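Trainee: Supplied in structure tokens, the structure appears directly below.
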Amino acid sequence: MTSKQVPPVTSGELPPDHPRGLMARFRNYFLTGLVVAGPVAITLYLTWWFVNWVDNLVRPFVPLAYRPETYLPFGLPGSGLVVAVIALTLLGFLTANLIGRSLVDLGERLLGRIPAVRAIYRGLKQVFETLFSGNGSSFRRVGLVEFPSPGMWSIVLISQAPSPDVAASLPGAEEHISVFLPCSPNPTTGFFFYVPKSKIIEVDMSTEDAATLIMSAGVVQPGANGDAQKRAAALAGMANAARVANQTSLQPAAQPAPAKVE
């Protein structure tokens, strides 16, 4: 019986189960751990920073007798956040009745008589009412606009139509729409401009996916996780099939048992 010759395996044709070098495995394990721990660590850090920021903002308004650190040997993180949530909820409850609305109107009239403060307050109030209203449609649709030059498209968040005064000053008879173009990697900064409605291509994408796409500079694509999992599963299946075929070809063929001579 002649043994089957095994062709030499070059460095570029290693089988899937071939052991790799120590540094390559160390690098892969390190990058895997970084991918797992990085988002968790950044999320926890930002959450901790926000809680401490609210605590430091609210603590001066809380009497010393009502602070947890007065009775505990250590501070209680998040106590200021709880106080802020309760205070804002009570404020909303009080302003929902007639007396509360009267006090709010009185405060707005007082602020409206201060020239510098009036413009800031009215602008911020309109922004908050637009963003946090339950039935608002601003920044809930995503579109594409040809910017900054022809042939180059940018993602924008679609807002509302301009006011009648602004619409009357815009050239042409076509209807315009206001959009916000976030910058990468910080989507809180960007450009605001009016675009003809026919120049906007609306995209079936949520604002969260658009923000992720902008912050990652196109690295994380919407729906890429599912496609990546499908590609990984297909590659794993192909590698498994190739390994099985390779092992089968390396095994010697079974020899028939010799016949008994009577």
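Trainee: Let's test the formula: R0 of 45 Å, r as the Cβ-Cβ distance of ARG118 and ALA41. What FRET efficiency results, to the nearest 0.05?
Mentor: Values: r = 44 Å, r/R0 = 0.98.
That gives a FRET efficiency of 0.55.
Trainee: Stokes-Einstein at 4 °C, 1.567 mPa s, Kirkwood radius from Cα pairs: D for the stretch 20-142 in µm² s⁻¹?
Mentor: Calculated translational D: 66 µm²/s.
Trainee: State the extension gain, in nm to one decimal, for the chain segment bounded by LEU91 and MET205, taking 0.36 nm per residue of separation less the distance between their alpha-carbons.
Mentor: On the way: separation 114, 0.36 × 114 = 41.04 nm, distance 3.54 nm.
Extra length from LEU91 to MET205 when fully extended: 37.5 nm.
Trainee: Out of the stretch 17-97, which trypsin sites (Lys or Arg not before Pro) are coil in DSSP terms and have no more than 12 other C-beta atoms within 10 Å?
Mentor: Values: sites: ARG20, ARG25, ARG27; in loops: ARG20.
Those that pass, being in a loop and sparsely packed, are ARG20.
Values quoted throughout were computed directly from the atomic coordinates according to the rules given, and no laboratory measurement underlies them. In this text, all values refer to a predicted model and were calculated from it rather than measured experimentally. Here Cβ is always computed from backbone atoms with ideal geometry, including for glycine, and neighbour counts include all displayed protein chains.
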